[in-house]
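Q: Input: one structure, supplied below.
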Amino acid sequence: MPKRFYRFNLLLDENLPPRDRFLRINNRFTLKHIVHDLKKEGLRDRDIYKIATTRKLIIVTFNYRHFREMDLGKNTGVIGLSNNLTVEQIDIKLNALLSKSKKGDLYSKTTYIRG
């Protein structure tokens, strides 16, 4: 029996390109960009974390170390990205991670995607 697909809700940090650059994950998952969609610019990491928690979004960022130190609640998680990844590689690797993950796999924890 095939595993049930879960449509994750993601929040792209301001250091990432707009969501329309990520063709695969933008079509398969719900993406919001902190600057382009939510119109929030220059926020501290703690404020981004609060927004993600309130909206039950998983944060996707290059700024992994700062978020890793936070005490993650059950309504959010963090996916850190290597700075060596291109936009295309991020799209492919993030899609692969999300596609094989179940609903509870990425919340309350940090995950890192290497380049």
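Q: Considering only the other residues whose Cβ falls under 14 Å of the Cβ of residue 50, what net charge follows from Lys and Arg at +1 and Asp and Glu at -1?
A: Summing Lys/Arg as +1 and Asp/Glu as -1 gives +1.
Q: Also, quick follow-up: I want to verify the translational diffusion coefficient of the range 20-79 in µm²/s; compute it with Stokes-Einstein, Rh as the Kirkwood radius over Cα pairs, at 25 °C and 0.890 mPa s.
A: Once the numbers are plugged in, D ends up at 201 µm²/s.
Q: Another question about this same structure. At q = 0.14 Å⁻¹, what base-10 log of I(q)/I(0) does the Debye formula yield for the chain when every alpha carbon is treated as an equal point scatterer in vacuo?
A: -0.51
Q: Another one. Would you list which lysines come within 23 Å of residue 39, measuring only between C-alpha atoms, while excluding same-chain residues fewer than 8 positions from it?
A: 50, 56
Q: Now a separate question. At 222 nm, what helix-only mean residue ellipticity would the chain give, in deg cm²/dmol to the nearest 500, using -39500 (n - 2.57) for each DSSP H run of four or more?
A: Here the helix-only value at 222 nm equals -9000 deg cm²/dmol.
Q: Taking a 1.4 Å probe, which of 60, 35 shows the most accessible area, and what order do the others take after it?
A: Putting 60, 35 in descending order of accessible area: 35, 60.
Q: Follow-up question, since we're still on this one. Just subtract the alpha-carbon distance of residue 114 and residue 101 from 0.36 nm times their residue separation and send over the number in nm, one decimal. Please list the in-between numbers first.
A: On the way: separation 13, 0.36 × 13 = 4.68 nm, distance 1.71 nm.
So the chain would gain 3.0 nm between residue 114 and residue 101.
Q: With charges only on Cβ, +1 for K and R and -1 for D and E, what is the dipole size of the chain about its Cα centre, in debye, rounded to 20?
A: Numbers: 24 positive and 12 negative charges, 121 e Å.
Once rounded to the nearest 20, the dipole reads 580 debye.
The values are calculated or read from the model by the stated rules, or taken from the named source; none is laboratory data. Source: prediction; values computed, not measured. No Cβ is skipped: glycine too gets one built from the backbone with ideal geometry, and neighbour counts run over all protein chains shown. Heavy atoms of the whole protein, side chains included, go into the accessibility calculation; ligands, DNA and RNA do not. Shrake-Rupley method; radii C 1.70, N 1.55, O 1.52, S 1.80 Å.
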